[in-house]
Amino acid sequence: MIKVSVIIPVYNDETYIEECLESILTQTLKDVEIICVDDGSTDSSYRILTGYGNKYRNITVLHQQNQGSGPARNRGIEHAAGKYICFMDSDDFYAHNRVLEQLYESAEANQASVCGGNLVRLREDGTREKSRNGFDENGMLYFKDYGVIYNYTCFIFLRKLIQENHLMFPPYKRFQDPPFLLNVMAHAKKFYAVNEVVYIYRMSNNRIHPNLTAVTDTLKGVRDCFQISYEYNLTKPYEKCLKDILRQYLWMIYPYAVEGQEDVWNLICEINQISKKWRGEISEIFADKVSLEAYIKKLKEKRSALIEKCYEEKEAVIYGAGRAGQYFLKKLEKEGIHIDGFAVSQDGAGNVVDGYVVKRIEDYNRRIPIMVAAAEKNAKEMIWNLEHLEFQTVLYMKYEDCILLDLCGL
């Protein structure tokens, strides 16, 4: 009996596909099949896959004209024979060789139709970051109390659950994974969580602005998630992932929305209608084109005021030495503003970042202007700390908003 079927859609990934396959082939769980669906690759990916398929009896290689990863995964589901199904992206890999055994045994022991673990993001510089949506302990969870619609590759799914309920990936070029996971979880109702990293997700710094089809497909996926959540009254996915999702994707929506693209605004309208019917609220930023333009104008004015204030002060300390701090360093240096250094609240003092020594915030003169550079979730505590320490000038704009303006090309 095949215990787990691992389905991999492959498109032009000759660089990483071998590492991906080896991480599955070295798993300690026996009776695993690997289904690779080449989605019309134009590089050597298909040749590499067929080589592995000829060498290993448990690898099946399918080929199709380019249709996208969703249809490729659906084809893999049709050919799967395992008791459980899972999915892997062709540039990713498992965290260790007991991942599938651990997930399979946990699912079987707890009679769970879905079982999953934690994800780590691997950046191009080799650093790793654990996903904030992970699990802190082992145990059965009701999805209505969890609500995260991402990281579907961290789970194994009972094939019977998928097939009997005709659960498939929508044929979108983008954002086809969240509707699938949400639909599966809505039917499963609960899943078993494993407090261990199981999946390594490789991140890329290359961000190519999507075309109109990619934008409308993303909005279709968001709409589907709203509709599924509404039908099953899943409030957690709304609170955790969907309430602010249009703003999160504003960077890709904005160019087409301000052009007045009808398909884009029709989908935004559908999303708002579902939200209003279900939650009694809509995304005010996307109420109409005027509202969107007013929101962007407000962000630009905030950024201009922040830079102007820095000019007046002639110097600043950047409070936060992570990615946000380094981002603001480049911004302020580009504007010709003198930077005195970096500050941190706890760990990191004594390090050197981009040639600047990192000091504890307490060690700086209270009269020097402080630029808070952190994600929104951390900034509030940092601002409170500055007030408590009686710093006279605190400068702050949401890091996420600055990035958003950059991504919109504004």
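The values are calculated or read from the model by the stated rules, or taken from the named source; none is laboratory data. Predicted model, so just to flag it, every value in this text is computed and none were measured. Cβ: placed from backbone, ideal geometry, glycine included. Neighbour counts: every protein chain shown. Ligands, DNA and RNA are stripped out before the accessible areas are found, and what is left, the full protein with its side chains, is counted by its heavy atoms. Shrake-Rupley method; radii C 1.70, N 1.55, O 1.52, S 1.80 Å.
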Odd one out for ASN233 among (1) over 16 Å from PHE175 (Cβ atoms); (2) under 22 Å from the mean Cα position of the chain (by Cα); (3) exposed (fewer than 15 other Cβ atoms within 10 Å of the Cβ); (4) without any contact (Cβ under 8 Å) to a residue 60 or more places away in the chain: (2)
Within the range 351-375, track down each residue that is open to solvent by 70 Å² or more (accessible area, probe 1.4 Å) and touching an Asp or Glu at 6+ places or on another chain (Cβ under 8 Å). ARG366
Pairs needed: first member in the range 140-165, farther than 20 Å from GLN102 by Cα; second member anywhere, of a type in the set (Asp, Glu); C-beta distance under 8 Å; at least 6 residues apart or different chains. GLY147/GLU239; TYR150/ASP177
The range 128-154: number of residues that are over 20 Å from LYS236 (Cβ atoms) and touching a Lys or Arg at 6+ places or on another chain (Cβ under 9 Å): 3
Counting only strands (runs of 3 or more DSSP E) wholly inside the range 72-190, the ones holding at least 1 residues that are at pLDDT below 95 and of a type outside the set (Phe, Trp, Tyr) are 114-122, 128-130
What are the residues in the range 379-410 that are assigned to a helix (DSSP H, G or I), without any contact (Cβ under 8 Å) to a residue 40 or more places away in the chain and open to solvent by 20 Å² or more (accessible area, probe 1.4 Å), if any? LYS380, GLU381, ILE383, TRP384, GLU387, HIS388, GLU400, ASP406
It is to be established whether one or more residues within the range 255-275 are outside any strand (DSSP E or B), small (Gly, Ala, Ser) and farther than 30 Å from GLN227 by Cα. no
Candidate set from the range 13-66 (those that are in a helix (DSSP H, G or I) and among the β-branched types (Val, Ile, Thr)); member that is surrounded by the fewest Cβ atoms within 10 Å (Cβ to Cβ): THR50
Contact list please: Cβ distance under 7 Å, first residue in the range 23-44 and closer than 24 Å to VAL99 by Cα, second residue of a type in the set (Lys, Arg), pairs at least six apart or on different chains. THR28/ARG98; LEU29/LYS3; ASP31/LYS3; VAL32/LYS3; VAL37/ARG75
State all residues of the range 129-139 that are touching a residue at least 12 places away in the same chain (Cβ under 8 Å) and either open to solvent by 70 Å² or more (accessible area, probe 1.4 Å) or at positive phi (or both); if no residue qualifies, say none. LYS130, ASP136, GLU137, ASN138, GLY139
On the given criteria, is GLY126 under 30 Å from SER41 (Cα atoms), open to solvent by 10 Å² or more (accessible area, probe 1.4 Å) and of a type in the set (Gly, Ala, Ser)? yes
Number of the condition not met by TYR396 [criteria: (1) touching a strand residue (DSSP E or B) at 6+ places or on another chain (Cβ under 6 Å); (2) more than 21 Å from ILE285 (Cβ to Cβ); (3) modelled with pLDDT of 90 or more]: (2)
